[in-house]
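Single-structure report; data block below.
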Amino acid sequence: MSRFLSEKYRGLEAYTPGEQPRDMHYIKLNTNESPFPPAPEVTAVLNREQGNLLRLYPDPTAKTLKQKLAKLYGVEPENVFLSNGSDETLNFAFMAYGEKGAVFPDITYGFYQVYGDLYGMDCAQIPLKEDFTLDYRDYCQRGKLVVIANPNAPTGMSIPVKQIRRILETNRDSLVLIDEAYVDFGGETCLPLLRGFDNLLVVRTFSKSRCLAGGRLGYAFGSPEVVEDLEKLRYSTNPYNINRLTLALGEATVDAEGYYQDCCTRIIRSRRWTEEKLKELGFHVLPSQANFLFAASNRIGGEELYRELKRRGILVRHFTKPRICQYNRITIGTQEQMEIFVDTVKEIIWGGTYENL
Ligand SMILES: *Cc1c(COP(=O)(O)O)cnc(C)c1O
């Protein structure tokens, strides 16, 4: 830290992304990326013509992509906000709506607390219940920015839309942000509630189900007024936040919807398979509606399993937070990767042989 840094940032604890080591080739099950490439029509966008166009600024209004998303999801272009990854939308939302503080679960996406700290907000982390379920009543009548990932991360568990409706009804004068980063893997979207609630912001991403984590593209749905707020902050920060290539990739992605639904179906199938295998091996596995499983073994500690897997070329995500340190978050890869993963887990917990069971 230099001696020039503003006082208010000196104590800031930044977000720690999942590791992206370069020392060897790993089976990467640690950052919830897709194991599948983007659709062929999407990668075809990266041609010489697009390369030559890079001399020009991108369309700051992202008109075409907004229109395509609005059509696909049955809303108006005025309901759509786009950002450089959904993290950027989260950033703007905390900036815009955090004046009275924020509430979110104790076990959830770690970035919420970081944004809260960045803006000096008063944040209440509400403990999930013992079994990691979320009691929606904890979020009713808060009068603050409510932030819920649905499905949640790293648990993968979700709440029904009728409970989100209750949260919206009882917080009419504050914004409710529902982070649907994982909704395409079996969750229920609350998007239809947009018609009745001007306090709803639904945040989504192309990073997970749209195989585009490296492109950095997020989208969100809100009332035209809420979108206007976010646009004001975006134009006050970086109007060209989404680069020209990513905009083109995003448009092609929306056009290839069928391909991505197929990818999600395959992920869900492999998730069910992996869940079953882990349970057979004595793991406690939370019921997941996401592209990952959150699981704890009754034979090996969470951190030890993480280390042993890494030694054998498989990366999973381990968190040191006391409540969840016995667990690992395992991204669902291809079926083949999951078979290697399960075999490797067996090797680790059975000490290299299959005999002692
Ligand atoms: C991955 C993730 C995001 C951020 O995704 P971007 O890559 O920034 O679009 C946001 N929220 C949750 C819960 C996530 O898991």
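Restricting attention to region 69-89, the residues that are of a type in the set (D, E, K, R) and either within 16 Å of the ligand (Cβ to nearest atom) or crowded, with 20+ Cβ neighbours inside 10 Å (or both) total 2. Looking across region 162-202, the residues that are touching a Cys at 6+ places or on another chain (Cβ under 9 Å), more than 22 Å from residue 218 (Cα to Cα) and open to solvent by 10 Å² or more (accessible area, probe 1.4 Å) come down to 165, 166, 169, 170. May I ask you to list the residues in region 109-122 that are farther than 14 Å from residue 144 by Cα and open to solvent by 30 Å² or more (accessible area, probe 1.4 Å)? Hits for region 109-122 are 109, 110, 111, 113, 117, 118, 119, 120. The set of residues from region 92-108 being surrounded by fewer than 21 Cβ atoms within 10 Å (Cβ to Cβ), of a type outside the set (A, V, I, L, M, F, W, C) and either within 16 Å of the ligand (Cβ to nearest atom) or free of Cβ contacts under 8 Å to residues at least 40 places away in the same chain (or both) comprises 99, 106.
Set side by side, the residues 193, 168 differ, and just one is more than 30 Å from residue 269 (Cα to Cα) and assigned to a helix (DSSP H, G or I), which is 168.
Being assigned by TED's automatic domain parsing to the domain that holds residue 60 and either closer than 19 Å to residue 155 by Cβ or within 16 Å of the ligand (Cβ to nearest atom) (or both) is not true of residue 295.
Counting residues in region 312-335 that are in a strand (DSSP E or B) and either of a type in the set (Gly, Ala, Ser) or open to solvent by 30 Å² or more (accessible area, probe 1.4 Å) (or both) gives one or more. Open to solvent by 20 Å² or more (accessible area, probe 1.4 Å), within 10 Å of the ligand (Cβ to nearest atom) and either under 22 Å from residue 113 (Cα atoms) or aromatic (Phe, Trp, Tyr) (or both): is that true of residue 216 in this structure? So residue 216 fits the description; yes. For region 115-148, the tally of residues that are within 29 Å of residue 10 (Cβ to Cβ), of a type in the set (A, V, I, L, M) and within 12 Å of the ligand (Cβ to nearest atom) stands at 1.
Residues that are part of a loop (DSSP other than H, G, I, E, B) and hydroxyl-bearing (Ser, Thr, Tyr) were ranked within region 12-51; the one that is surrounded by the most Cβ atoms within 10 Å (Cβ to Cβ) is 34.
The values are calculated or read from the model by the stated rules, or taken from the named source; none is laboratory data. What you see is a predicted model, and the numbers here were worked out from it, not measured in a lab. Note that each Cβ is placed from the backbone with ideal geometry, even for glycine, and that neighbours are counted across all protein chains shown. Ligands, DNA and RNA are excluded from the accessible area calculation, which covers all protein heavy atoms including side chains. Shrake-Rupley method; radii C 1.70, N 1.55, O 1.52, S 1.80 Å.
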